[in-house]
Amino acid sequence: MTYTEVLSWMFAQLPMYQHKGVSAHSGKLEAIVSFVAHLHHPEKKIKTIHVAGTNGKGSSSHLIASILQEAGYSVGLYTSPHLKDFRERIKINGKVIPKQKVVDFIETNLEYLQKNKLSFFEMTVGMAFDYFASKKVDIAVIEVGLGGRLDSTNIITPEVSLITNIGFDHVDILGDTLEKIAFEKAGIIKPNCPVVISETQPETREVFKKVALQHHAEILFADEEFSGIAQYPSALLGDYQAKNNKGVLGVFKVLKGYQVSEENLKNGFLNVIANTGLLGRWQILSEHPKVVCDTAHNAEGLKLVMQQVQKQSFDALHLVLGFVKDKDLKAIAPLFPKNAKYYFCKPAIERGLEVEILKDKFEVFGLFGDSYSTVNKAFEAALENAKQNDFIYIGGSTFVVAEVV
């Protein structure tokens, strides 16, 4: 098979949460446990750092990888979803897995994959572990896909676990209270492995402390540990990154066996985009008019991003927005300003929310604009209408951002 044929097979045959939603989530670990046994347990041949959380886990994973790279280590990085290219999910020192490695892995294991009907995510996790083990990385940073306890990545015993924060996302799978969601994320806490919490929240603090105690795991609340300490300048420009940065510092406070200097920390923050290729986090696409895209896609994330938008200086505000079907728009819509021109669109995936539904729901909250059949048509209309001193924001979904970066 060619690389294109392999990808088509992966996407077509096997459920993918990002495209299908809840129906793609198995809620079980048996399949991935069997698969890594079939692969001769690559996950046991590498050291790892495991990262979960509602918001910030992607940025935090990239920052940790960048700092370790600055310290001279060979660093695997597994994240999801991808924006432009499937291979973004699996990198070593910022370089994506070669196309031929993807092809070889699927061809070698095709009979097993077809027989056992693995999900897209299970297959990709197995591929990542297999690739990292074959390249003998010094350490791999592994981002949870969804939740934690029953996520396919949760078959590792990491050097450190990091949980960024807890918010209301994927409540149909993870639970409808912060405590329930925290319990699912706390599933990545392992016996005698330290855990860092980036953001202390009253509803979740005791959940994490209880699970850590049960597992004899040292726990560090990073926002308390690094309260009042000056931030390292970072290539990631979102105001919300301040919360993530403390969690990252917490990881290096408790990580044993790796030599990371003050200079490595400083350069890791500054060079994170160059080192890892991270896209879509308060990413400035142009200056006149100023165009920014961000992958924030739930109430907690969007609230912080909208606060930053309102701090910008501009004559007029243009918002290009699209969402997936399972978002709670009643909680999200009130976060957006009324003094803006809206360009509603649908991301080009099966889970994309129909644009007329989005437009109708936003109008209930006094947020008015026009609807467009594609993200790019909405963006083009915003560019056409915007003057030099205006501000264009593009977001609402990772899949909207994927179409413009």
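Assorted remarks:
- Radius, Kirkwood style, for region 265-315 when every pair of distinct Cα atoms is counted (Å): 12.6
- Unit charges on C-beta of K, R, D, E only; dipole of region 65-134, Debye: 140
- Over 28 Å between alpha carbons, listed pairs Lys246/Lys341; Lys44/Lys117; Lys101/Lys327: Lys246/Lys341; Lys101/Lys327
- Dimensions of region 94-160 along the principal axes, based on C-alpha atoms and rounded to the nearest Å, stand at 34, 27, 16, largest first.
- Protection proxy ranking, peptides 398-404, 112-118, average beta carbon neighbours within 10 Å, highest first: 398-404, 112-118
- Debye-formula intensities of region 301-365, expressed as log10 I(q)/I(0) at q = 0.20, 0.25, 0.28 Å⁻¹, are -0.84, -1.21, -1.38 (one equal scatterer per alpha-carbon, no solvent).
- Beta bridges per DSSP, both residues in the chain: antiparallel share near 25 percent.
- Rounded to the nearest Hz, the phi-derived 3J(HN,Hα) couplings of region 322-334 under the Karplus curve 6.51 cos²θ - 1.76 cosθ + 1.60 (θ = phi - 60°) are x, 9, 9, 5, 8, 7, 7, 5, 5, 8, 8, 4, x, where x marks glycine and proline.
- Segments 5-11, 132-138, 66-72 sorted - mean Cβ within 10 Å per residue, highest first: 66-72, 132-138, 5-11
- Accessible area of region 190-260 belonging to carbon and sulfur atoms, whole % at 1.4 Å probe: 54
- Close amide H pairs (under 5 Å, H built 1.01 Å from N) link Ile219 with Val195, residues at least 5 positions away or on another chain.
- When the charge dipole of region 111-165 is built from unit charges on Cβ atoms (+1 for Lys and Arg, -1 for Asp and Glu) and taken about the Cα centre, the candidate among Thr157, Ile142, Leu113 whose Cα reaches farthest toward its positive end is Leu113.
- Global geometry of region 64-177, whether rounded, prolate or oblate, following the gyration tensor of its Cα atoms and the 1.5 cut on a/c: oblate
- Prolate/oblate/rounded call for region 141-212, Cα gyration tensor, a/c under 1.5 rounded: oblate
- Between the alpha-carbon centres of region 180-234 and region 248-293 there is a gap of 21 Å.
- Within a straight-line Cα-Cα reach of under 18 Å, Lys361 can be paired with the following aspartates and glutamates, leaving aside sequence neighbours fewer than 8 residues apart in one chain: Asp326, Asp328, Asp370.
- Take the Kirkwood radius over Cα pairs of the chain, plug it into Stokes-Einstein at 4 °C and 1.567 mPa s, and you get 60 µm²/s for translational diffusion.
- Accessible surface, the chain, averaged per residue in Å² (probe 1.4 Å): 41
- Largest first and in whole Å, the equivalent-ellipsoid semi-axes of region 234-339 read 31, 18, 12, each the square root of five times a Cα gyration tensor eigenvalue.
- Sum of -39500 (n - 2.57) over DSSP H runs of 4+, divided by residues of the chain (222 nm, nearest 500): -12000 deg cm²/dmol
- Within the accessible area of region 285-405 (1.4 Å probe), percent carbon and sulfur: 51
- The tail of the calculated P(r) for region 196-279 beyond 17 Å holds 55 percent of all Cα-Cα pairs.
- When only the Cβ of Lys, Arg, Asp and Glu is charged (+1, +1, -1, -1), the dipole of the chain relative to its Cα centre reaches about 520 debye.
- For region 234-242, putting each phi into the Karplus relation 6.51 cos²θ - 1.76 cosθ + 1.60 with θ = phi - 60° gives couplings of 9, 6, 8, 8, x, 4, 5, 5, 4 Hz, in residue order, rounded to whole numbers and with x for Gly and Pro.
- Along region 45-53 the Karplus relation, 6.51 cos²θ - 1.76 cosθ + 1.60 evaluated at θ = phi - 60°, assigns HN-Hα couplings of 9, 10, 8, 9, 10, 10, 10, 10, x Hz to successive residues, with x for each Gly and Pro.
- Between Asp104 and Lys377, the FRET efficiency estimated from the beta carbon spacing at R0 = 45 angstrom works out to 0.70.
- The GNM of the chain, with springs linking C-alpha atoms under 10 angstrom apart, assigns the highest mean-square fluctuation among Leu162, Leu279, Leu63 to Leu279.
- Over 29 Å between alpha carbons, listed pairs Lys180/Lys359; Lys95/Lys387; Lys28/Lys115; Lys47/Lys210: Lys180/Lys359; Lys95/Lys387
- Cα-based convex hull volume of region 314-405 per residue, rounded to whole Å³: 84
The values are calculated or read from the model by the stated rules, or taken from the named source; none is laboratory data. Remember, it's a predicted structure, so these values are computed and weren't measured experimentally. Glycine also receives a Cβ, built like all others from the backbone with ideal geometry; neighbour counts cover every protein chain displayed. Ligands, DNA and RNA are excluded from the accessible area calculation, which covers all protein heavy atoms including side chains. Shrake-Rupley method; radii C 1.70, N 1.55, O 1.52, S 1.80 Å.
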